[in-house]
């Protein structure tokens with residue numbers, strides 16, 4: 001039953017409506033900059049929602065999901081490099097590659113748990129990173145410039161607003177998909193495995209298979225985020241797979257509220273807006289300090305992350321969603 | 001591929017190995033005893049390098065630089081443990097990963113603010129700027145000194161851990177921390193000691209790496225990831241595992257990068273080998289770690305209980 005008074009209902013509704021109206025506002029005020037900023041936010045939200053599916057609900061702390069963003073981006077980049085401009089081919093290739101890598105890597109990693117799981121996912125992501133760096137014919141360290149965005153037929157990615165709505169539609173579809181999965185038997189087995197795997201095994205559930213399937217689904221949605229990222233920036237770079245990106249995705253999840261479906265979306269808005277605000281913060285009260293903030297904004301992000309972990313573990317969305325339920 | 005070249009690469013691998021061991025020793029004990037994932041360990045290494053470089057530039061004495069780097073990072077480790085990290089020991093790994101990830105961002109920016117964004121250079125001390133001759137092979141004496149210093153520290157750690165009372169407590173803590181605290185040992189103090197000691201060793205590694213690598217913001221991260229590979233391969237919590245793991249990773253990485261492309265060129269077609277060689281070489285240690293974990297999830301040299 002949907003409780004229309006609960007924060008779990010109206011926060012996502014308001015936020016998604018805000019996303020939908022944003023290009024209109026940007027068009028009216030002539031600030032097209034907002035569309036690009038929020039495109040980035042949507043892409044990170046999509047990746048974080050995907051990661052949260054295994055991290056928040058399955059208890060699999062993957063520190064290597066940036067790998068799949070990178071794979072999606074390189075699928076677009078490498079195909080475009082060879083003259084394949086059809087976006088549906090890009091999309092199919094990205095999902096296929098992402099699914100393939102996730103199946104092989106997942107088969108190894110889900111056998112481990114706890115700290116080892118964190119380390120081994122990180123190691124696989126690093127492998128992908130170094131692989132991308134060593135691909136000299138595809139730009140290596142410098143990355144690969146993509147001449148034009150994917151050609152998707154009637155959906156013209158060349159138009160920033162169209163791309164924005166495509167990402168938004170994908171995010172909503174992903175939220176709907178994960179909501180359905182989590183409400184189904186599969187989702188309950190996954191959540192049960194998180195709280196007590198031994199008990200689930202004793203009940204006769206092949207938990208490894210469930211964890212692997214969840215990992216592959218999550219990775220493929222992340223690849224989708226990479227596909228959009230490459231289209232958005234017209235660039236594929238090893239830095240998309242850097243371990244700090246995996247870290248950032250986890251920060252987004254915890255910031256928004258781990259184990260809540262919509263939390264990562266809120267987390268992505270908060271983190272990326274905060275980054276943006278810190279970089280351009282000029283209230284003119286004490287300019288020397290403001291200059292330090294603009295230049296060394298990562299310092300404040302770092303402190304903010306530490307404070308969130310120490311004192312606000314439930315996250316922004318988690319706080320409201322739970323406060324209303326009590 | 002001559003014998004001399006091979007020996008040089010082995011020595012380089014050994015040198016990377018001992019540096020990694022200095023980092024891995026502290027990290028693996030913190031893992032083993034406090035069950036704590038400290039991603040900021042690489043930042044302590046970076047701070048050691050900066051402290052050392054700054055002190056060397058100011059005093060001109062490498063010994064003074066060494067003392068300042070080690071003591072500085074020791075105190076820094078003590079401070080961050082007491083202020084922030086101590087509260088996270090009882091939290092889950094996710095919180096620890098996140099908080100220390102935040103610390104990395106903080107340290108990188110502090111360094112960028114204090115010393116600027118570009119790398120600073122540090123020379124090897126005058127006395128070690130020459131070369132030594134080993135088996136008819138010339139090798140930079142500074143790199144040789146790193147190997148010697150690293151092995152000395154390893155021997156010292158072995159004695160400390162196996163022959164002293166403090167070492168006994170550390171070993172006991174690594175196999176069952178709760179039991180040790182139930183027996184009346186001040187586990188909080190022990191934790192801080194271990195953490196600070198690990199920080200000091202990381203600082204020492206940073207100082208020694210200063211003259212051969214560039215000292216720059218973010219220099220700790222690649223090393224941290226190698227160190228994580230070391231301790232996971234060697235077995236979490238085990239000093240012995242950290243030692244052998246560090247040497248294995250150091251040798252496989254260095255020797256693999258130097259010779260794998262050549263070996264591949266002898267076996268497969270040249271153009272493919274040229275493309276694939278460096279890629280496979282840089283992924284080699286991660287492959288090694290994945291294979292080890294898939295076959296022996298507890299690592300190659302796990303802590304022996306009982």
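None of the figures in this text is laboratory data; all of them are computed from the coordinates on show. A quick note: this is a predicted structure, and the numbers were derived from the prediction, not measured. Virtual Cβ from ideal backbone geometry, glycine too; neighbours counted across all protein chains shown.
Taking chain B as a Gaussian network of alpha-carbon nodes connected by springs under 10 Å, the highest mean-square fluctuation of the residues B:39, B:105, B:19 belongs to B:105. Put in line by how crowded their Cβ is, counting other Cβ atoms within 10 Å and starting with the fewest, A:85, B:152 read B:152, A:85.
Show that you can apply the helix-only estimate: for chain B, add -39,500 (n - 2.57) for every DSSP H stretch of four or more residues, divide by all residues, and state [θ] at 222 nm to the nearest 500. Don't jump to the answer; show the numbers that get you there.
Details: 11 runs with 229 residues, N = 306.
Helix-only estimate at 222 nm: -26000 deg cm²/dmol.
The angle between the Cα long axis of helix B:141-163 and the longest principal axis of the Cα atoms of chain B comes to about 30 degrees, rounded to the nearest 10. Placing a label point 7 Å from the Cα of residue A:310 along the Cα-to-Cβ line, no residue of region B:203-246 has its backbone N under 20 Å from it.
Calculate how large, on average over all directions, the projected area of the Cα convex hull of the protein assembly as shown is; give the answer in nm² to one decimal.
Working: hull surface 129.9 nm².
So the mean shadow area of the Cα hull is 32.5 nm².
Global size of region A:90-196: 18.3, 49 Å for Rg and Dmax (C-alpha atoms, Rg to one decimal, Dmax whole).
For a paramagnetic label modelled at 7 Å from the Cα of residue B:151 toward its Cβ, which residues of region B:197-218 fall within the zone defined by backbone nitrogen distances under 20 Å? Output list for this probe position: B:205, B:208-209.
Counted by neighbouring Cβ atoms within 10 Å, the residues A:119, A:258 run from fewest to most as A:258, A:119.
Between B:42, B:136, B:218, where does the largest GNM mean-square fluctuation fall for chain B, given springs only between Cα atoms within less than 10 Å? For chain B, modelled as a Gaussian network with Cα springs under 10 Å, the answer is B:136. In terms of other Cβ atoms within 10 Å, B:288, B:137 run from fewest to most in the order B:137, B:288.
Pull out the extension gain between residue B:181 and residue B:129, defined as 0.36 nm times the separation in residues minus the alpha carbon to alpha carbon distance; nm, one decimal. The partial results should precede the final answer.
Working: separation 52, 0.36 × 52 = 18.72 nm, distance 4.86 nm.
Result: 13.9 nm gained on full extension.
Projected label points at residue B:193 and residue A:28, each 7 Å from Cα along the beta carbon direction, are separated by 6.8 nanometres. To test your reading of the geometry: what angle, between 0 and 90 degrees and rounded to tens, separates the Cα axis of helix B:3-34 from the longest principal axis of chain B? Value to nearest ten degrees: 10.
Angle of helix B:165-175 to the longest C-alpha principal axis of chain B, folded into 0 to 90 degrees and rounded to 10: 80°.
Can you give me the Kirkwood hydrodynamic radius for region A:1-101, using every pair of distinct Cα atoms, in Å to one decimal? Mean inverse Cα-Cα distance, inverted, gives 16.5 Å.
Provide the FRET efficiency to the nearest 0.05 for the residue A:162-residue A:209 pair, computing r from the beta carbons and using R0 = 41 Å. In this case the efficiency is close to 0.55.
Distance between the modelled labels on residue A:107 and residue A:154, one decimal in nanometres: 4.1 nm (7 Å Cα→Cβ projection). From the alpha carbon centroid of region A:74-100 to that of region B:34-90 is 45 Å.
Per residue of A:244-250, count partner chain C-beta atoms within 10 Å of its C-beta, then hand back the mean as an integer. It would help to have the intermediate numbers written out before the result.
Working: counts 6, 0, 2, 8, 2, 0, 4.
Average per residue, whole number: 3.
Extension gain for residue B:113 to residue B:3 (0.36 nm times residue separation, less C-alpha to C-alpha distance): 35.0 nm. Compactness of chain A is given as radius of gyration and Dmax, 19.8, 64 Å, from Cα positions.
In this entry, chain B is assigned a mean projected area of 17.6 nm², taken as a quarter of its C-alpha convex hull surface. Gyration tensor over the Cα atoms of region B:28-96: the corresponding equivalent ellipsoid has semi-axes (square roots of 5 times the eigenvalues, largest first) of 29, 10, 9 Å.
Grab the DSSP H runs of chain A that are 4 residues or longer, score each as -39,500 (n - 2.57), total them, divide by all residues and round the 222 nm result to the nearest 500 deg cm²/dmol. Before the final figure, lay out each step's value.
Numbers: 14 runs with 239 residues, N = 326.
The per-residue figure over chain A is -24500 deg cm²/dmol.
In the elastic network of chain B, a GNM with C-alpha springs shorter than 10 Å, the most mobile of B:40, B:58, B:209 is B:58. For a label point 7 Å from the Cα of residue A:88 along Cα→C-beta, name the residues of region A:163-194 whose backbone N is under 17 Å from it. Hits in region A:163-194 for residue A:88 at 17 Å: none.
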